[in-house]
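Here's the structure, in C-alpha cells; my notes come after.
The values are calculated or read from the model by the stated rules, or taken from the named source; none is laboratory data. Note that the structure is a prediction, hence the values are computed from the model and not measured. Here the Cβ positions follow ideal geometry from the backbone for every residue, glycine too, while neighbour counts run over all protein chains shown.
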Amino acid sequence: MAASVRHLLKPWTPSLCLVRWSRYNPYYLDPDPSKDACVPESEISPEQKELQELKTVRPIKAALSSDTSSSFNDPLISKFINMMMQDGNKILARGIMTQTLESIKRKQVEKYHKSPAAKKEEIECNPYTIFHLGLENCKPIIGLASVQKGGKSYQVPVPLTDNRRRFLAMKWMITECRDNKHRRTHMYEKLSQELLAAFANEGNVVKRKHDLHKMAEANRAYAHYRWW
Amino acid sequence: MKHNVIVINQLITVNNLLFSTHLLTLFLLNMNLHKLSSRLCPTVTQKFRHLHIQSSGQQLEAVAVETASAEPNPLSVFRTSEQDPAYHSERQSGQYYTFPPAHIQKLFPHGLPPRFQLQIKTFNEGCVMVRPPALELISYLKRADYSKPPLRYVLYGDTGTGKTLSLCHALHYCYTQGWLIVHIPDAHLWVKNCKELLPSSSRPSRFDQPIQASQWLKNFKITNEHFLSKIKTTQRYVWTKRESTEMGQPLGELVDQGVNRMKSSSDVVGAVLRELRLQAGGITEGEGAFKLAVAVDGVNALWGKTSLKKEDRTLCEPEELTLIHNLRKMMKNNWSGGAILTALSQTGSLFTPQSAYLPNELLGEEGFDHMEPFVPVSVSNYDEKEFESCYLYYLDRNWLQHPHSRSEEGKKELIFLSNKNPSILERLCAFL
C-alpha cells in the first residue's frame with residue numbers, strides 16, 4: 001500500500017512535453033480556499049462525500065498568494081487581473097482593476113441618485129455583476145480554426161471550450177482598451193467605458209464578437225473539414 | 001330596474017291620481033328594496049367576512065403603525081435633522097448632517113479634499129459626520145473671548161483620521177455665524193510643484209508664485225463676497241509706476257488688482273492679509289465688525305522644506321517665498337478678533353517620515369516655537385458607533401454593492417481590513 005502511494009508521488013514528467021505545464025504530479029488536488037459552510041452529514045450527496053474523503057487523504061497543491069479565503073475573492077476577476085498584468089507587476093494590475101470597479105460603480109450610483117424613483121430599479125449598480133455580464137456578452141459562441149487541406153489552408157468554424165471563450169473575451173477587452181482608445185485616458189477609465197458598453201451589448205468588443213460569428217457563418221461550407 | 005322606471009313613467013304620463021301613482025311608486029320601490037335586500041343577503045355575509053378581515057386588518061394596521069414608528073429609527077441612527085453646526089452637540093455625535101449645496105459652492109470652492117468632492121458628486125449630497133474633535137473645536141470657538149489675541153487650534157492625528165473634514169466642519173460653523181473666512185486648503189501645494197517662480201517685484205531676496213496667489217484670491221473672493229465692499233484699505237499700496245491702490249478703497253478692488261495683474265498677486269495676498277489682521281479686532285460693535293477665521297490645512301509646510309529650486313539650482317527656503325512669509329505673519333497672535341484653526345498633514349509634506357503625526361515631529365523646532373502656545377485637538381479613528389453609522393450611511397446611499405459586504409461577516413472583514421480608519425474604509429468600500 002505504501003509502496004504504491006510512493007510510486008504515485010514520485011517526481012513526474014509527462015509523456016508528451018507541452019510548452020506551459022504544471023510541474024505538479026497529477027495525483028495532487030487543487031486547493032479550495034473558500035470557507036465552506038459546515039453542511040451536516042445527511043445533506044451531502046455520496047459524490048461530495050467521496051470528494052471530501054479524497055481531500056483528507058490526497059496531497060493538495062500549494063495555494064497561490066493571490067487566493068483569499070474571504071468571500072470577496074472572485075476567480076474571474078483574479079483571472080482578468082492576471083491577464084492584464086505586465087512584467088509581473090500584480091500590484092499595478094490589481095490597482096487598475098479596483099479603480100475600474102470603483103469608476104463603474106460611481107457612474108452607476110450617480111445615475112441612480114439622479115434618476116426618478118420609477119427608473120431606479122432598472123439601474124444596475126453592482127460593478128461585479130456588470131463585469132460578469134459584460135464579459136458574458138463578449139464571449140464568442142463559435143470560433144475559427146485554420147485547417148490545411150490540399151495545400152490550401154481554410155478557416156473552419158469550430159466549437160470553443162469554455163476556457164477558450166473566456167480567454168478570448170478577456171483578451172479582446174484588454175487589447176481593445178490598450179490599442180484603440182485615446183492615448184491620454186487612464187486604463188481604468190477606458191476599461192470602465194468598454195465594460196459598461198459591453199453590459200449594454202454595444203461597443204467595439206461586442207462588435208468584434210459579432211464579426212467572428214459572421215465569419216464563421218460565412219465559412220459554414222468548410223465545416224466538414226473538421227475531423228475532431 | 002329600468003323596466004320598473006318605465007312603468008313608473010307610464011303611470012305618471014297617464015295622469016292618474018297622484019297619490020295612486022305615489023302608492024305605486026312606493027310599492028315598486030319597496031319591491032326594489034326587497035330585491036336589493038335579497039341581493040344584499042349574500043353581501044351581508046360578505047360584510048361579515050369583510051368585518052372579520054377588517055378586524056384582523058385592524059390588527060395588521062396596528063402592527064404596521066408600530067413598524068412605521070420603528071422604521072425611521074434606523075434612519076435617525078446615522079442621520080441628524082439638525083443642519084446648523086451651531087446646534088450640534090454630543091447628542092448628534094456619530095450622525096451625518098448635510099452641507100447645503102449653496103454653502104458648498106460658496107464656502108468650499110477649493111477647500112474640500114478631492115475624494116470627498118467625488119463623493120459629493122456621486123451621492124448628490126455632501127454629508128459630514130459630526131465627531132468629537134469638531135464638536136470640541138466648535139465649543140472652544142463659542143466660548144472664546146474675541147477681544148483678546150486669537151487662540152491657535154491644531155488638529156493632529158494619524159493619516160486618514162479626519163482632520164481636514166473636522167476643520168471643514170468648524171469652518172462651516174464660522175461661516176454660518178457670519179465670520180470672514182481665510183482658508184488655505186493645503187499649504188503643501190505652495191511649497192512644491194511650482195511652475196513659475198518669479199523673483200519678487202517688491203523685495204530683492206523673495207520669490208513670487210503668481211499662479212497660486214491669483215487662484216487663491218479668486219477663491220477668497222467667492223467665499224467672502226459680502227465683506228469685500230465693507231472693508232476699506234488703511235494704507236496706500238504702490239504696485240508699479242502706474243498702478244497703485246489708494247487709502248480708503250474697498251478690499252474688493254485690492255483683490256481684483258491681484259486677480260487681474262498676476263505679477264503682483266503674491267504681494268496683494270500679503271496686503272489683504274495685513275488689512276484683515278489690522279481691522280479684525282478694530283471695531284467691536286456696529287456695522288463694520290467682523291470676526292476673522294484663519295484656517296490652514298497642512299501647517300507644517302510653513303516650517304518644513306520646499307522642493308522648489310532657485311535659478312542657481314540651490315534649494316529654496318520657505319522663508320524666501322512671499323506667500324509663506326505672509327502666512328507666517330498671520331499665524332502669530334499679535335492681532336485680535338478671530339481664531340486660527342490649523343490641521344497638520346503628513347500626506348503632502350516633504351521630507352518627513354510616514355510614521356510622523358505628532359505636532360512636535362511635523363512642525364519641527366522652529367514651527368513649534370512659532371505656534372506655541374496652541375490648543376492641540378486630537379483626531380482618531382472611528383469608534384464602534386461611528387463605524388456603524390458610516391456603514392449604514394453607505395448602505396443607504398447604495399454604495400456597498402458586493403453581497404458579502406452586506407452580511408455580518410463582511411462587516412467584520414471591513415473592520416479588520418480598515419482598522420476603522422475613515423479614509424481606508426472609504427477606499428475599501430469604493431470597489432466593494
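If A:Tyr188 meets every condition in (1) within 13 Å of another protein chain (Cβ to nearest Cβ); (2) crowded, with 20+ Cβ neighbours inside 10 Å; (3) aromatic (Phe, Trp, Tyr) apart from one, which number is that one?
(2)
Contact list please: Cβ distance under 7 Å, first residue in the range B:371-393 and closer than 30 Å to B:Lys332 by Cβ, second residue assigned to a loop (DSSP other than H, G, I, E, B), pairs at least six apart or on different chains.
Here the result reads B:Val379/B:Thr161; B:Val379/B:Gly162; B:Ser380/B:Thr161, each pair linking the range B:371-393 to a residue that is assigned to a loop (DSSP other than H, G, I, E, B).
Search the range A:65-116 for residues being under 17 Å from the mean Cα position of the chain (by Cα) and not in a helix (DSSP H, G or I), and hand back the single one that is farthest from the other protein chains (Cβ to nearest Cβ).
Per the criteria, the residue is A:Met85.
Sort through B:Leu141, B:Leu189 and tell me the only one that's farther than 16 Å from B:Lys291 by Cα and of a type in the set (A, V, I, L, M, F, W, C).
Result of the check over B:Leu141, B:Leu189: B:Leu189.
Taking only the range A:195-227 into account, find how many residues are small (Gly, Ala, Ser), without any contact (Cβ under 8 Å) to a residue 60 or more places away in the chain and touching a helix residue (DSSP H, G or I) at 6+ places or on another chain (Cβ under 6 Å).
Within the range A:195-227, residues that are small (Gly, Ala, Ser), without any contact (Cβ under 8 Å) to a residue 60 or more places away in the chain and touching a helix residue (DSSP H, G or I) at 6+ places or on another chain (Cβ under 6 Å) number 1.
Considering the range B:316-351 alone, what residues qualify as being in a helix (DSSP H, G or I) and in contact (Cβ under 8 Å) with a residue 40 or more places away in the chain?
At the first step, the residues of the range B:316-351 found to be in a helix (DSSP H, G or I) are B:318-320, B:322-331.
Those that are in a helix (DSSP H, G or I) and in contact (Cβ under 8 Å) with a residue 40 or more places away in the chain: B:Pro318, B:Glu320, B:Thr322, B:Leu323, B:Ile324, B:His325, B:Asn326, B:Leu327, B:Arg328, B:Lys329, B:Met330, B:Met331.
Check whether at least one residue in the range A:163-178 is under 29 Å from B:Leu118 (Cβ atoms) and surrounded by fewer than 14 Cβ atoms within 10 Å (Cβ to Cβ), and report yes or no.
Looking for residues that are under 29 Å from B:Leu118 (Cβ atoms) and surrounded by fewer than 14 Cβ atoms within 10 Å (Cβ to Cβ), one finds at least one in the range A:163-178, hence yes.
Among B:Asn326, B:Asn398, which is the only one that is within 13 Å of chain A (Cβ to nearest Cβ) and modelled with pLDDT of 90 or more?
Checking each option against the conditions leaves just B:Asn398.
Report yes if B:Glu253 is over 30 Å from B:Met129 (Cα atoms) and surrounded by 14 or more Cβ atoms within 10 Å (Cβ to Cβ), otherwise no.
Working: over 30 Å from B:Met129 (Cα atoms): yes; surrounded by 14 or more Cβ atoms within 10 Å (Cβ to Cβ): yes.
Yes: the conditions hold for B:Glu253.
Every residue in the range B:201-248 that is free of Cβ contacts under 8 Å to residues at least 40 places away in the same chain, assigned to a loop (DSSP other than H, G, I, E, B) and among the hydrophobic types (A, V, I, L, M, F, W, C), please.
If the condition is that a residue be free of Cβ contacts under 8 Å to residues at least 40 places away in the same chain, assigned to a loop (DSSP other than H, G, I, E, B) and among the hydrophobic types (A, V, I, L, M, F, W, C), then B:Trp239, B:Met247 are the ones that fit.
Output the residue which, of all residues in the range B:98-108 that are assigned to a helix (DSSP H, G or I) and either more than 14 Å from every other protein chain (Cβ to nearest Cβ) or of a type in the set (Val, Ile, Thr) (or both), is surrounded by the fewest Cβ atoms within 10 Å (Cβ to Cβ). Even if it seems obvious, please write down each step before you answer.
In the first step, residues of the range B:98-108 are kept if they are assigned to a helix (DSSP H, G or I); the result is B:101-107.
So of that shortlist, the ones also either more than 14 Å from every other protein chain (Cβ to nearest Cβ) or of a type in the set (Val, Ile, Thr) (or both) come out as B:102-107.
Working: B:Ala102: 8, B:His103: 15, B:Ile104: 19, B:Gln105: 12, B:Lys106: 16, B:Leu107: 22.
Once the filter is applied, the top-ranked residue is B:Ala102.
Quick check on my filter: what residues within the range B:411-432 are within 11 Å of chain A (Cβ to nearest Cβ) and buried (at least 19 other Cβ atoms within 10 Å of the Cβ)?
Passing the criteria: B:Glu413, B:Leu414, B:Cys429, B:Ala430, B:Phe431, B:Leu432.
State the number of residues belonging to the range B:109-134 that are assigned to a loop (DSSP other than H, G, I, E, B), away from every other protein chain (no Cβ under 11 Å) and in contact with a strand residue (DSSP E or B) (Cβ under 7 Å, 6 or more places away or on another chain).
The qualifying residues number 2.
Would you confirm whether or not the range B:373-395 contains a residue that is within 12 Å of another protein chain (Cβ to nearest Cβ), buried (at least 17 other Cβ atoms within 10 Å of the Cβ) and touching a helix residue (DSSP H, G or I) at 6+ places or on another chain (Cβ under 7 Å)?
Yes; the residues of the range B:373-395 include at least one that is within 12 Å of another protein chain (Cβ to nearest Cβ), buried (at least 17 other Cβ atoms within 10 Å of the Cβ) and touching a helix residue (DSSP H, G or I) at 6+ places or on another chain (Cβ under 7 Å).
Just one of the numbered conditions (1) in a helix (DSSP H, G or I); (2) at the interface with chain B (Cβ under 10 Å from one of its Cβ atoms); (3) of a type outside the set (Lys, Arg) is not true of A:Gly134; which one?
All conditions are met except number (2).
Look at the range A:142-175 and say how many of its residues are part of a helix (DSSP H, G or I) and either among the hydrophobic types (A, V, I, L, M, F, W, C) or under 17 Å from A:Glu217 (Cα atoms) (or both).
Number satisfying all stated conditions: 7.
Please state which one of B:Lys192, B:Lys142, B:Lys163, B:Lys218 is farther than 30 Å from B:Glu82 by Cα, out of contact with any Ser or Thr (no Cβ under 6 Å at 6 or more places or on another chain) and away from chain A (no Cβ under 14 Å).
Values: B:Lys192 fails: out of contact with any Ser or Thr (no Cβ under 6 Å at 6 or more places or on another chain); B:Lys142 fails: farther than 30 Å from B:Glu82 by Cα; B:Lys163 fails: farther than 30 Å from B:Glu82 by Cα.
Answer to the check: B:Lys218.
Could you tell me how many of the residues in the range B:399-425 are assigned to a loop (DSSP other than H, G, I, E, B) and within 16 Å of B:Tyr96 (Cα to Cα)?
Residues flagged as assigned to a loop (DSSP other than H, G, I, E, B) and within 16 Å of B:Tyr96 (Cα to Cα) within the range B:399-425 amount to 1.
Among the numbered criteria (1) within 14 Å of another protein chain (Cβ to nearest Cβ); (2) in contact with a helix residue (DSSP H, G or I) (Cβ under 6 Å, 6 or more places away or on another chain), which one does B:Glu366 miss?
Of the numbered conditions (1) within 14 Å of another protein chain (Cβ to nearest Cβ); (2) in contact with a helix residue (DSSP H, G or I) (Cβ under 6 Å, 6 or more places away or on another chain), the odd one out for B:Glu366 is (1).
Check whether at least one residue in the range A:85-93 is closer than 30 Å to B:Leu395 by Cα and either in contact (Cβ under 8 Å) with a residue 40 or more places away in the chain or surrounded by 13 or more Cβ atoms within 10 Å (Cβ to Cβ) (or both), and report yes or no.
yes
Pick out the one residue from B:Thr233, B:Thr240 that is over 31 Å from the mean Cα position of the chain (by Cα) and closer than 18 Å to B:Ala280 by Cα.
Selected residue: B:Thr233, the only one of B:Thr233, B:Thr240 that is over 31 Å from the mean Cα position of the chain (by Cα) and closer than 18 Å to B:Ala280 by Cα.
When you scan the range B:153-172, do you find a residue that is outside any loop (DSSP other than H, G, I, E, B), surrounded by fewer than 23 Cβ atoms within 10 Å (Cβ to Cβ) and out of contact with any Leu (no Cβ under 9 Å at 6 or more places or on another chain), even just one?
No, the range B:153-172 has no match at all.
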